[in-house]
Amino acid sequence: MNVSAFDCIIAPTLILLAWLAMRIKDLFVGIVLFILFGLLTALTWVELQAPDIALVEAAIGAGVVGALFLGCLGIIESRQGIYQFPMERKRRSLLWIPVLSLAAILCWSISQLPPETQGLGNLVRNSLLDSGVTNPVTAVILNFRGYDTLLEIGVLFLAAVAIVSLRFFEPAKLDSRLAPNSRVFLFFLQLLTPSIVLVSAYLLWQGTNYPGGAFQAGAILTGGGVLLLLAKVSLPLDYRNPWLRLAVVSGFAGFLLTGLGMMGIGMMFLEYPVTYAKWVIVLIEILATVSSGLILLTLFSGCAGFLGITRRGGDGTL
Amino acid sequence: MVIIDYVSLILAGIGTIFFMASTLGLLSFPDVYSRLHALTKADNVGLGFIILGIALRSQEVSELMKLLLIWVLAIISSCSSCYLIARAACRMGIKPWKRP
Amino acid sequence: MELFKQTAFFYSITGVSIFCIGLYGLIAYDHFIRKTIAMNIMGTGLFLALVALAHRGPEGTPDPVPHGMVLTGIVVSVSATALLLGMVVYLFLETGATDLKGLIKKRERDK
C-alpha cells in the first residue's frame, strides 16, 4: 500500500484545483473547475477502493451540485450591473496563521494514529450474511446503520420543504436563450430518457451485491429530470399536487413506517428479520430512490428559477 | 494469453494518444468551433479505442455489452452537446476564425 | 516520514490541506457563491481524510462504516448547498446584493 505515481499526480492536482476554484475572478470558470475537482475526487475514491462513494460523488457531488451552482449563477448573471462588485476584501494575510496551525495540529494528530487497524471492518464482514445483502456498504447504510440513512433522507426532505417555501408554485417564464428548442436535443432526450430509467433501475438492483444503491440511482433520475427541464418539457412540478407531495414524502415515511412496523412485529426499531431482510432493504431502496430523485430535482429547480422567481410584495402578499 | 494483454495495452495507448491530441487542440485552437472539433475526437475515437482495449480482456458477454453501451451513450451525449454549444455560439454571433 | 509513504496517510494529509484551503476561502472571500464553493471544498476534504483513514487495513478490505458515513455526508452537504444557493438567489432578488459589501452598501443606502 505504498504511494504510487498515480497518487503523486492526483493529490497535488486536487489541492491546486481546490485553491483555484475559489480564487478565480470569473465565477463561471470557478464553477467548472469545481466540477472538475469533483470528478477527480471520484477518481480518488476508486483509488481508495470505495466505488460506491465514487458513484455518488460523480453523480451528486460533481453533477447535481454543479448544476445547482450553474443555475444560481444564471439567475444572478442575467441581471447586469450587479455582478461587478470586487472579489474580496483586503487580503487577509493574518488569516493564514490560524489556518496553518490548524492544519499542523491535524497532521500531527493523524500521525499519532496506528498505521494498521481494521476498524469495524471485521465486524461488518462477519455479520454480512445476517444482513441480507452481500455489498458491505449497502449493508452498513441500510441495515446496520439504517438510523443514519433515515435521518439523511429526513434532511433531504427538509431541504426540499425549505426550497419550495422560498419560491412560488407557478413555473417561471423561461428566458428564451435558456432552453434550446432544438430538434437534436429533443431527439437526444428521446434516446436518453429510457436509458436513464434503465440504468437507474439497474444500479438500484445491483446495489445489493455490487457497488450501487439507492442514492446513486436517485441521482441519475435527477440528471434525467434536469435535462427534461432544460428542454422545456413541462414536468408537473407543481407542489399543490398531492401525488407529488406523496412521492416526495414516501422515502422518509416509508423508511420510518418500516422501522415502526418492525417494532409492531416484536423486534426492535429498524431491526429486520433475517430471512426477509433483502426484500425489506429493496423496498426501502425503491422508495428512497424515487423520493430522493424528486427531491434533488426540486432542489435544482428551486435554485435555477424553474419554480418561480417572481418577487414578493412588500407586505408579504404574493 | 500474453498476446491479448499486449494488444489491449497498445489499443488503450492509442486511445490515450487521441485524448492527448484532443487536449492539445483544446488549448491551442483559435476559436470555439475548431476546439469543439478537437474535443469530440476524444469522446468518439479515444474512448472507442480504450473500450476496445478493455473489451479484449472481458470475461463475459454481459461485460462486453455494458462497455459498448457506455461508448454509445458517451458518443451520443458528446455529439449532442457539441451541436448545442456550436448552435449557441452561432446565435451569440461568434464568427469562425479566418486566416488573416 | 515513512508513515506518509503509505496511501492512507498520504491521502489524509491531502484531505486536511483541502479542508484548510476551504476554511480560508470561507472566511476570506466576500461573494456568497464563492463561500458556498469553499464550504463544499471543506466537506470534500473532510470526506477524503475519513475514507483514507478507513483504508488502513490489509489490502482489499477497507472499513465500510466510514464509507457509509461519507455517503450520508455527501447527500447532506448537497442539501445544505442547495438551501444556501436558494437563499442567495432570494437575497439577490430582494436586495440586489451578491456579497457582503453589497449588502452593507444597500443597508447604508436605505438608511
Checklist entry - What does the convex hull of the Cα atoms come to per residue for segment A:133-318, in Å³? => result 126 Å³
Checklist entry - Can you give the helix-only mean residue ellipticity at 222 nm for chain A, where every DSSP H stretch with n ≥ 4 adds -39500 (n - 2.57) and the sum goes over all residues, rounded to the nearest 500 deg cm²/dmol? => result -21000 deg cm²/dmol
Checklist outcome for this item: Taking Rh as the Kirkwood radius computed over alpha-carbon pairs of the protein assembly as shown and applying Stokes-Einstein at 37 °C with viscosity 0.692 mPa s, one gets a diffusion coefficient in µm² s⁻¹ of 131 µm²/s
Next on the checklist: Taking each residue in C:36-46, count the Cβ atoms of any other chain within 10 Å of its Cβ, then average. What number comes out?
Outcome noted: 5
Next on the checklist: List the trypsin sites (Lys or Arg not before Pro) within segment A:190-267 that DSSP assigns to loop and that have no more than 16 neighbouring Cβ atoms inside 10 Å.
Outcome noted: A:Lys232, A:Arg240
Next on the checklist: Just checking the output field for A:67-76: average partner chain Cβ neighbours within 10 Å of each residue's Cβ?
Outcome noted: 5
Item to check | Whole-Å semi-axes of segment A:1-79's equivalent ellipsoid (Cα gyration tensor) | outcome: 27, 16, 5
Checklist entry - Which semi-axes, in whole Å and largest first, does the equivalent ellipsoid of chain B have when worked out from the alpha carbon gyration tensor as the square roots of 5 times its eigenvalues? => result 33, 17, 5
Checklist entry - How large, in Å, is chain C by the Kirkwood hydrodynamic radius built from its alpha-carbon pairs? => result 16.0 Å
Checklist entry - Taking each residue of A:31-42 in turn, how many C-beta atoms of other protein chains fall within 10 Å of its C-beta, and what is the average? => result 2
Checklist entry - By per-residue mean of other Cβ atoms within 10 Å, what is the highest-first order of A:7-20, B:24-37? => result A:7-20, B:24-37
Checklist outcome for this item: Relative contact order of chain C (C-alpha contacts under 8 Å, at least 6 apart) in percent is 25 percent
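Here, each number is a calculation from the coordinates, and none is a lab measurement. Only a predicted model underlies this, so the values are computations on that prediction, with no experimental measurement involved. Backbone-built Cβ (ideal geometry, glycine too); neighbour counts: all protein chains shown.
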